[in-house]
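The values are calculated or read from the model by the stated rules, or taken from the named source; none is laboratory data. Owing to the predicted nature of the structure, the values given are computational and were not obtained by experimental measurement. Here the Cβ positions follow ideal geometry from the backbone for every residue, glycine too, while neighbour counts run over all protein chains shown.
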Amino acid sequence: MSFLSNMFGKKKTKSVLGVDIGSSSLKIVQLRREGETAVLETYGELALGPYAGNEVGQATNLPADKIAETLTDLLREANVTTNEAGISIPFARSLLRLITLPRRDDPNEQRTMVELEARKYIPVPVSEVQLDWFVVPEPISEGQPPSDKMRILIVAVHNDELALLQGVVQGAKLETSFYEIEIFSTIRSVVDEPVRPVLVLDIGASATKVYVVEHGVVAFSHNIPQGGQDVTRTIATANGLTIKQAEIFKKEQGFKNSSAAEGGKLSYDRKSIELIFSRIFEETKRVLTQYEMGSQKSVAAIVLTGGGGVTKELAAYAKEFFSVDIQLADPFGKVEAPAFMRPVLAEIGPEFAVAVGLALRKLEELQ
């Protein structure tokens, strides 16, 4: 986003860092460029729950100094060697709205129209947010004149959120040249389809984000107020487990049949994990149908990402709900790493889509 760029001076380095500040955990990825190749140097994740007196996997609302403390611990544990970073902005703390306006080629006329229209959707005074927008590319059929309308994606971030993130950056002694809404980072790292629409299902801790990507731009978005922590709580309640035990079962056992761990002392029925995921998928089906009917376009694939995406055998379960191709996000597929690490990176990939996308953008600044 242009309004989030150049807030600090740039300093070219060989290694860069992507920092994903989520509601339940922090994720970092350090990359370096060798020729045209992005090379993975280190990565790491640290749960925020314990820093807020909660369990691992639970959403938090920590102040900047506490997030900075956690991030400093993570940077040390992951042996990070650079302070040049790109930082994520949570989708929940931003506003995205797709609008249609009369086509104007003059940038000043565009700005005036967009700023007037944005006031209808931003629930606070425009002076309290940073506002930006994109004109969504429209395919032009041969021999047909351009449309007299244009679709514009409005993006707004509250100044308070940017102030919090700046406090985190300063507290962790990092330097950044941009902040980016996490959706755009994810698109960069996991969406490769250049023409047909792709639906990204981003299962976070407290909510699930559903958005359709066309030509690299968000064409449709929806928020589902259920996420990974709801799955964990349901497993815990239904099976008499602690939150910590339920979180482990969710990631390591997932949609396998009734499972046991710790020498057979603990077990759970997969029906408890189906309860929340089935609701998320049913709502996603409704959103998918709404998009396809309204746009007269078919979605080519669904990409599963976010912390909930690492749930064991989730993709196989998703195939019971959708008739389109189901893909598990593999952001590390865009970076070079030792062959022996590939199985682990593929397994944890959905959790690191934002951090990888941020680091890839940061590498672009070095060119």
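Observations on the structure shown:
- Qualifying position, being more than 27 Å from residue 275 (Cβ to Cβ), of a type in the set (S, T, N, Q) and either assigned to a strand (DSSP E or B) or within 14 Å of the chain's Cα centre (by Cα) (or both), among 185, 221, 206: 185
- Evaluating residue 366 against the criteria (1) outside any helix (DSSP H, G or I); (2) out of contact with any Lys or Arg (no Cβ under 6 Å at 6 or more places or on another chain); (3) over 21 Å from residue 223 (Cα atoms); (4) not small (Gly, Ala, Ser) leaves one unmet condition, (2).
- Of the strands (runs of 3 or more DSSP E) entirely within region 38-143, those holding at least 3 residues that are touching a residue at least 24 places away in the same chain (Cβ under 8 Å) and over 22 Å from the mean Cα position of the chain (by Cα) occupy 94-102.
- Selection within region 227-243 - within 18 Å of residue 23 (Cβ to Cβ) and either among the basic types (Lys, Arg) or surrounded by fewer than 18 Cβ atoms within 10 Å (Cβ to Cβ) (or both): 233
- Boolean, residue 160 is within 27 Å of residue 361 (Cα to Cα), surrounded by fewer than 17 Cβ atoms within 10 Å (Cβ to Cβ), under 19 Å from the mean Cα position of the chain (by Cα) and modelled with pLDDT of 85 or more: no
- Being without any contact (Cβ under 8 Å) to a residue 60 or more places away in the chain and either buried (at least 22 other Cβ atoms within 10 Å of the Cβ) or within 13 Å of the chain's Cα centre (by Cα) (or both) holds for only one residue in 213, 200, and it is 213.
- Test: residue in region 226-245 that is more than 28 Å from residue 70 (Cβ to Cβ) and either touching a Lys or Arg at 6+ places or on another chain (Cβ under 6 Å) or part of a loop (DSSP other than H, G, I, E, B) (or both): yes
- Within region 345-365, the set of residues being over 19 Å from residue 208 (Cβ atoms) and among the charged types (D, E, K, R) comprises 347, 361, 362, 364, 365.
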